[in-house]
Every structure is written in structure tokens, then in C-alpha cells.
Amino acid sequence: MRAILSKAVGGPETLSLEEMEDPTPGKGQVVIEVKAVGINFPDVLIIEDKYQFKPQRPFAPGGEIAGVVEAVGEGVKGFRKGDRVAAMTGWGGLQERVAVHAGRCMKIPDAMPFTEAAGFLMTYGTAYYALKDRAGLKAGETLFIPGAAGGVGSAAVELGKAMGARVVAAASTNDKVQFALELGADNGLIYPSGEMDKAAQKELSGEIKLACGRDGPDVVLDVVGGGYAEPALRAMDWNGRFLVVGFPAGIPALPLNLTLLKSVSVIGVFWGAHVEREPELHAANMADLVRFYAEGTIRPRVSKVFPFARAGEAIAALAGRSALGKVVVEVE
């Protein structure tokens, strides 16, 4: 089978298309014939050895796949050959066939295209867990989302609206903000690109408060980090919840005096660990999300689809932060 392998530390240009032996299912595993792979920011980090996990090389990036069950290992219940599934792999997804533990798989509706299924689990799973279980977002509250045009950000726009919140979307360009508004955001804000000094950060904080209303946001879902985190925290309302999701702009150093003055909670969101530690809650959340999909409340926006041989370009597009919604690699 073909695989896109990381054989040395580096960016997407270091990946190579190689031949590997087909996997066989171990105990509790299924082998999936991969039809599509969702590309996420961890794929950018893991090939540069900047992610929490550092698999032994050579390995294939790709933490989210969709396809068809080809073989079932000993002890597996609930899955059989021919089932259409989506699965979380952590890494290893950019292969034509993948062996994965059955507990990481989910059956997908017949009406869900594989390209949408490959962009479903991680983004919507992260956003829903963050908003529902970590922040306890309530109807009528204001949700502020920097990076609202990306995978998790755009999922949070849809889910925030579904949960009855007023959603304010922020991004670095007008096209990205317009994309978030088309998803249902109530208001939008364009923030500056590049480094900001303290004066620029305070000015941005005022703009966030203006966009969100006099009292500022109740919940911030931060998938950007860097110099954008402090302005959002500074703008928050009393008893706000600041959700820490990702750091493509860098890991921020938050002034904790602001959390005291506003009684704000800073809450970490590690969805991957939640899936492992709280499988029953994860299963219930996935059932909710499949229902939302069937009702038409949410729908993955796949903006770019790359052929398998050009998977490195897909990761580069995400690293360059030019993508709207989801980037997917299709396995021909």
C-alpha cells in the first residue's frame, strides 16, 4: 500500500510517498480502507517534533480518517466488514489502509460523504466538548471566537448558534470573517496580522468589547493564542470562561491579575485525552453531533481537497493559515 511518510524532522516538504506492507488487525482492532483524511494543526506540529506525542520514524501523519472497514480483529464487537466509519488515529492516517482500535471508530451515516466524515470528528468533537462540557455555554450568552474560519473555529460558530449563544467571529481577513458570518455568526471582527505591541493589544481589546457588547464576551474559545489571547481575556465579562484550545500564533503568557479582577476561569481543552479518559461522555457527544448533522444544524465546510500524492501541500496550506473550514486529502 502507499503511505505518506515523515522520515526526518521538518516541514511538509520533507514528506515522501512510499510503499509499505498492508496492516493486519490486532486484538480489538479493525483495518480501514481509507477514503479521506482530515488535515488538522497537530499534523503540522507532529512532523516537526513539536507535538505532545513524538512517534518513532518513519511514520505517517494524519490523525483523522474516514473509510470502509476491510477486516475485523479478535474481540471486536459492533463493527463488521463493509461498515462506513470515521476514526481518530492520532497519526498514521495518511496510508491507504490503517489498523486502528475499534473504540476510536464511529459509524457514519450513509448520506455523509467520506470527505465530510474525515473533517467531522476532531473539529466538531473539540468544539462541542469545549463549549458544552468545559465552558457550560448557555443560551443567551456571548461567545467570542478568534480564528473563526478554521476547522475548530468554524465548527464552534455553528455549535454556538445551535446552543443559543450570540456568536462573534474574529479572523485576520475580510474573506475569513465573511465565511464565519455565512456560517451563522452574528457579528464579525477583523484583527491585525503579525506582532502587536501593548498599545495595539489594548486597542484590539476595545474592539472586541465593542463587537461583543458593552460587557464583553461570556466565553472565549481561543484556537489562536499568541498576542491575541490577552486582548480577548481583557475584554471578558464577569465570571467569563476562557477556553484554551490551540496556539498556532504561539503560546501566550496571560496576566493572571485579569482573571482575578474579572473572576474569569481559564480552562484547558484537551479533546484527545478526554476521548481516552471519558469514553462514555465522548460517545454521548458524538451521538449528539451525528443527530445535529442529520438535522442539518452542522455541516463540515471542506474548502480544499487534495489528492493523496499531494498530501504535503494540504499540510502546508493549513500551516500557512490560508484555509477556510476543513482541508481534506482524498485517497484515490
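Expressed as a whole percent, the accessible surface of the chain that belongs to carbon and sulfur atoms is 51, based on a 1.4 Å probe. In order along region 10-22, phi translates into HN-Hα couplings of x, x, x, 5, 8, 6, 9, 8, 10, 9, 9, 6, 5 Hz, rounded to whole numbers, per the Karplus curve 6.51 cos²θ - 1.76 cosθ + 1.60 with θ = phi - 60° and x for Gly and Pro.
Probing with 1.4 Å while keeping every protein chain in the model, the per residue accessible area of the chain equals 43 Å². Pairs from the list Lys54/Lys262; Lys81/Lys176; Lys107/Lys132; Lys7/Lys77 with a Cα-Cα gap above 31 Å: Lys54/Lys262; Lys81/Lys176; Lys7/Lys77.
If you sort Glu182, Glu141 by accessible surface, 1.4 Å probe, largest first, the order is Glu182, Glu141.
Distance from the Cα centroid of region 1-78 to that of region 146-165 is 28 Å (rounded to whole angstrom). Counting only protein chain heavy atoms and rolling a 1.4 Å probe, the accessible areas of Lys54, Lys161 rank, largest first, as Lys54, Lys161. Think of it as helices only: each DSSP H run of n ≥ 4 in the chain is worth -39500 (n - 2.57), and spread over all residues that comes to -8500 deg cm²/dmol at 222 nm.
Round to a whole angstrom and tell me the spacing of the C-alpha centers of region 253-297 and region 304-324. Each part's Cα centre sits 26 Å from the other's. Compared with the rule-of-thumb size 2.2 N^0.38 Å for a compact globular protein, the chain has a Cα radius of gyration ratio of 0.99.
With every protein chain in place and a 1.4 angstrom probe, the accessible-area ranking of Lys209, Lys138, largest first, reads Lys138, Lys209. Under a 5 Å amide H cut-off, with hydrogens placed 1.01 Å from N, Lys7 pairs with Ser16 among residues at least 5 apart or on other chains. Amide hydrogen proximity for Thr142: with H placed 1.01 Å from N in the peptide plane, the residues at 5 or more positions away or on another chain lying under 5 Å are Arg166, Asp218, Val219. Seen from all directions on average, region 1-52 presents a Cα convex hull projection of 4.8 nm². Counting heavy atoms of the protein chains alone, Asp83 has an accessible area of about 30 Å² for a 1.4 Å probe.
Extension gain for Lys138-Glu195 works out to 17.2 nm (0.36 nm per residue, less the C-alpha to C-alpha distance). Take the Cα of Ser16, step 7 Å along the line toward its Cβ, and report every residue of region 301-327 whose backbone nitrogen sits under 20 Å from that point. Correct set: 308-316.
Once the convex hull of all Cα atoms in region 56-156 is built, its volume per residue stands at 156 Å³. Most tightly packed first, judged by the mean number of other beta-carbon atoms within 10 Å of their residues, the peptides 112-125, 164-177 read 112-125, 164-177. Spin-label model, Trp238/Arg277: points 7 Å from Cα along the beta carbon direction are separated by 3.2 nm.
What aspartates and glutamates does Lys209 reach when the alpha-carbon gap must be under 19 Å and sequence neighbours fewer than 8 apart in one chain are set aside? Reachable aspartates and glutamates: Glu141, Asp186, Asp197, Asp218, Asp222, Glu230, Asp237.
The values are calculated or read from the model by the stated rules, or taken from the named source; none is laboratory data. This one's a predicted model, so the numbers in the text were calculated from it and none came from an experiment. Every residue, glycine as well, gets a Cβ built from its backbone with ideal geometry; the counts of neighbours run over all protein chains shown. Heads up: the accessible areas ignore ligands, DNA and RNA and are worked out on the full protein's heavy atoms, side chains in. Shrake-Rupley method; radii C 1.70, N 1.55, O 1.52, S 1.80 Å.
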